[in-house]
Structures are given as structure tokens and as C-alpha cells.
Amino acid sequence: MLRTLFLFLLLFMTAISCGGYWLYKYRLTAPLPLYEDVRYTVPSNSTLRQVAIELMDEGLLDYPTALAWVSLARFQKKAHRIKAGEYLIEEGTTPQQLLDIMIAGKTIQHTLTIPEGWNFRQMMAAVRKHPELVQTLGDIDNAAIMAKLGWKKRHPEGRFYPDTYHFPTGTTDVKFLQRAYKIMETELKAAWEKRSDDLPLKTPYEALILASIIEKETGAAEERPLI
């Protein structure tokens with residue numbers, strides 16, 4: 001009798017466990033209730049629990065799914081690793097995929113290209129009109145801009161590395177320009193260290209100015225060594 005009761009209880013608990021596990025997996029692997037792609041922003045210093053509550057408020061998670069979502073992150077010891085930023089949640093995304101995306105910090109990235117040959121005025125015009133850069137500098141002159149960036153009394157021409165930049169939502173114009181400036185400083189330093197001993201130039205900036213002149217004097221790459 002006791003043996004039969006024990007077996008019955010064992011089978012009952014196994015069935016409950018299997019059912020709970022299936023429900024748990026279903027909640028995490030069923031697509032979110034989306035009919036189109038949506039953007040969602042995780043504020044800075046948000047906890048996973050706060051994000052789960054906001055997702056419930058937005059109608060993206062119901063309570064059982066949110067509970068399973070938070071439980072999964074805690075079980076994996078990743079609840080504290082969620083990254084702030086703006087995310088694109090595509091139609092068909094599952095709660096588990098959404099958690100992976102937020103832990104990896106795969107935020108929406110915007111782009112801005114600084115072409116070679118642009119002067120400072122052209123670059124600033126592009127920065128000021130970019131819709132995804134937070135504008136903080138306002139209508140100030142070049143000297144004031146350089147002071148805001150932390151390089152007071154430095155001439156701005158040629159100081160910013162030409163490239164295509166990717167940046168997340170919320171990036172300020174100052175942060176963007178500082179990044180381009182620092183990359184140019186790194187590249188210029190590396191080039192200066194490899195210079196020829198007989199090069200008649202005293203500073204890396206002189207080399208930069210010379211390179212800019214060469215760039216403007218010819219459009220043909222094969223003519224640049226001659227110039």
C-alpha cells in the first residue's frame with residue numbers, strides 16, 4: 001500500500017514538474033504579441049524587474065511570462081547584466097531572444113559619415129542636422145566648440161578622423177566629436193612614429209596639414225607620392 005502511494009506521488013510530482021517546465025518553456029519561446037517592429041528604451045540604471053514591469057505595461061509581456069523571464073535571467077545569473085539603451089524589437093521575437101538581446105546590449109545604432117576632405121564647417125553642419133545626435137553645443141564659434149570638447153586653443157581643422165561612425169541613441173554632439181578627435185590623435189601618433197628621419201617637419205600636426213594639402217592638390221592617388 002505504501003509502495004503504491006509512493007509511486008503515485010512520484011508520478012504526480014513528475015507530471016507537475018513536466019507540465020511546469022513545458023509551460024515555462026512555452027512562455028519564453030512563444031513570440032511576443034507584436035504586429036510590427038517596435039522600439040523600446042531601457043533607461044539607465046534600470047533593474048530587470050523594472051524592465052519586466054514596463055514591458056507588461058506596454059502589453060509585451062503578461063505576468064506569467066514576465067515571471068518566467070525574470071526567473072530565467074536570475075537562474076543564469078545574468079539579471080544584473082541588462083544594458084541600457086534603445087532596442088528594436090522585431091515582430092516574431094521571443095521573450096528569451098529579447099533577454100539575450102538586452103544582455104548583449106544590441107542597441108539600435110545610428111550612423112554618420114565624415115568624408116575625407118571635409119573641413120570643420122562641413123563636418124559641424126552634418127553633426128548639427130543629424131536627427132539622432134543630442135544637440136548641446138548650440139550656435140557657438142569654432143574656438144568655443146574646441147573649448148567645450150576639452151581642447152581649448154587648438155585649431156579644429158584636420159583634427160577629426162574621417163570615417164563612418166556608429167553610435168547609440170542618446171549620444172551627444174560632444175561625445176561624437178570627442179570620439180572622432182581621439183581617433184585622429186591615435187592615428188596621427190602612429191603615423192608620426194613611423195615617419196622618415198629626414199622628414200622636414202617638427203610636429204604631428206604639421207604632417208597632418210601637409211597631408212591635407214596633398215589631398216586637396218590632387219584627385220589622383222598615383223600623383224600623391226610625386227607631390
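The values are calculated or read from the model by the stated rules, or taken from the named source; none is laboratory data. Just so you know, these numbers come straight off a predicted model, no measurement behind them. Don't worry about glycine lacking a Cβ; one is built from the backbone with ideal geometry, like all the others, and counts go over all protein chains shown.
Taken over segment 77-97, the criterion of being over 22 Å from I108 (Cβ atoms) and assigned to a loop (DSSP other than H, G, I, E, B) is satisfied by K77 alone.
Exactly one residue out of R49, R39, R74 is closer than 23 Å to T171 by Cα, of a type outside the set (A, V, I, L, M) and outside any loop (DSSP other than H, G, I, E, B), and it is R39.
Kindly list the number of the only condition in (1) surrounded by 13 or more Cβ atoms within 10 Å (Cβ to Cβ); (2) in a helix (DSSP H, G or I); (3) of a type in the set (D, E, K, R) that fails for E132. Only one criterion in (1) surrounded by 13 or more Cβ atoms within 10 Å (Cβ to Cβ); (2) in a helix (DSSP H, G or I); (3) of a type in the set (D, E, K, R) is unmet by E132, namely (2). Here the condition is being assigned by TED's automatic domain parsing to the domain that holds K175 and under 22 Å from the mean Cα position of the chain (by Cα); of P95, P115, P43, it holds for P115 alone. Every listed requirement among (1) of a type outside the set (G, A, S); (2) in contact with a Leu (Cβ under 7 Å, 6 or more places away or on another chain); (3) not assigned by TED's automatic domain parsing to the domain that holds T169 is met by E90 save one, (2).
Determine whether segment 153-165 contains at least one residue that is loosely packed, with under 13 Cβ neighbours inside 10 Å, at pLDDT below 95 and out of contact with any Cys (no Cβ under 7 Å at 6 or more places or on another chain).
Yes, because at least one residue in segment 153-165 is loosely packed, with under 13 Cβ neighbours inside 10 Å, at pLDDT below 95 and out of contact with any Cys (no Cβ under 7 Å at 6 or more places or on another chain).
Among the candidates A144, A125, A180, the residue that is modelled with pLDDT of 95 or more, among the small types (G, A, S), surrounded by 15 or more Cβ atoms within 10 Å (Cβ to Cβ) and outside any loop (DSSP other than H, G, I, E, B) is uniquely A180.
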